[in-house]
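The values are calculated or read from the model by the stated rules, or taken from the named source; none is laboratory data. Note that this is a predicted model, so its numbers are computed, not measured. Cβ atoms come from the backbone with ideal geometry, glycine included; neighbour counts cover every protein chain shown.
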């Protein structure tokens, strides 16, 4: 303790090479000019050369005429908390990598196993051809095996493409988007008139322009609306609602609702994770909502899922208004 006091006696916080190198001296200098500051988890190398993190707050002390007489500094070491937080983040990353790897293995192993089995069947048919015992039934089995191989190969390609879309961090544009026009285009593309679904649209016109990337936003809405169509497939009195409204805080909310079977609460916690899907293997890869979540986060928006009071699901998409 005595040595520590000796080290700190005469310590110049502005001229010291440690405080200058980490930038702390600049904050102290500004504080002595009358500007208060507050630094959270500030990286600092102390007098003994040990790296650490600190909470550092500076409040200028002024006389009755407003002149700065000194600087009141409050310092608290936060190294242990920062290290614990970093460890938790690393564990979370490793957990996500583990789930992602398991999902990739599952999504690719199943079609690859099917391809292998049908390739063996096709080879058996060819062997019959070579032996002169090739029949019409063998030809049909041969064609069916090739068809299954093609379907499963496309499934693998679709999975890999979706995964690349999720992980490829291309820059998204942040332009003014006419939400009414975008929704009308998507609804024309889906063409609800040919579907056995009662469709209700409650979207005021005109909605204020929102900010984002047009292609990414189009993919988000197309994905969520198609999911709603899939959710009510084969259901009697199937219905889908699209509602929009301007919210406090300079955002627009679009809700896509359906009266399908809904999503159990435990599953809702996982719905945006990679490869999680409530559909059959031929309906999706489990990456669509992951992609939607990522796109919206990067555009300054968000998405959440809930349960309708009368049964079914509701996806609420929030988008920031475009500021001129």
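Structure data summary
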{"item": "The stretch 20-72: number of residues that are without any contact (Cβ under 8 Å) to a residue 40 or more places away in the chain and touching a strand residue (DSSP E or B) at 6+ places or on another chain (Cβ under 8 Å)", "result": "36"}
{"item": "Search result, residues across the stretch 290-305 that are buried (at least 19 other Cβ atoms within 10 Å of the Cβ) and part of a loop (DSSP other than H, G, I, E, B)", "result": "299, 301"}
{"item": "Qualifying residue in the stretch 252-259 (condition: more than 18 Å from residue 303 (Cβ to Cβ) and in the same structural domain as residue 302 (by TED's automatic domain parsing))", "result": "yes"}
{"item": "Residues of the stretch 191-220 satisfying the condition of being surrounded by 13 or more Cβ atoms within 10 Å (Cβ to Cβ) and under 11 Å from residue 242 (Cβ atoms)", "result": "192, 199, 201, 203"}
{"item": "All positions within the stretch 306-324 that are surrounded by 14 or more Cβ atoms within 10 Å (Cβ to Cβ) and in a loop (DSSP other than H, G, I, E, B)", "result": "308, 312, 322"}
{"item": "Residue match in the stretch 250-260 (condition: surrounded by fewer than 17 Cβ atoms within 10 Å (Cβ to Cβ) and out of contact with any strand residue (DSSP E or B) (no Cβ under 6 Å at 6 or more places or on another chain))", "result": "no"}
{"item": "Close pairs from the stretch 144-171: first closer than 27 Å to residue 216 by Cα, partner surrounded by fewer than 12 Cβ atoms within 10 Å (Cβ to Cβ) and at pLDDT below 80, Cβ under 9 Å, at least 6 apart", "result": "155/282"}
{"item": "Members of the stretch 144-192 that are at pLDDT 80 or above and not in a helix (DSSP H, G or I)", "result": "174, 175, 176, 177, 178"}
{"item": "Per-region count, the stretch 16-44, residues under 15 Å from residue 82 (Cβ atoms) and surrounded by 15 or more Cβ atoms within 10 Å (Cβ to Cβ)", "result": "4"}
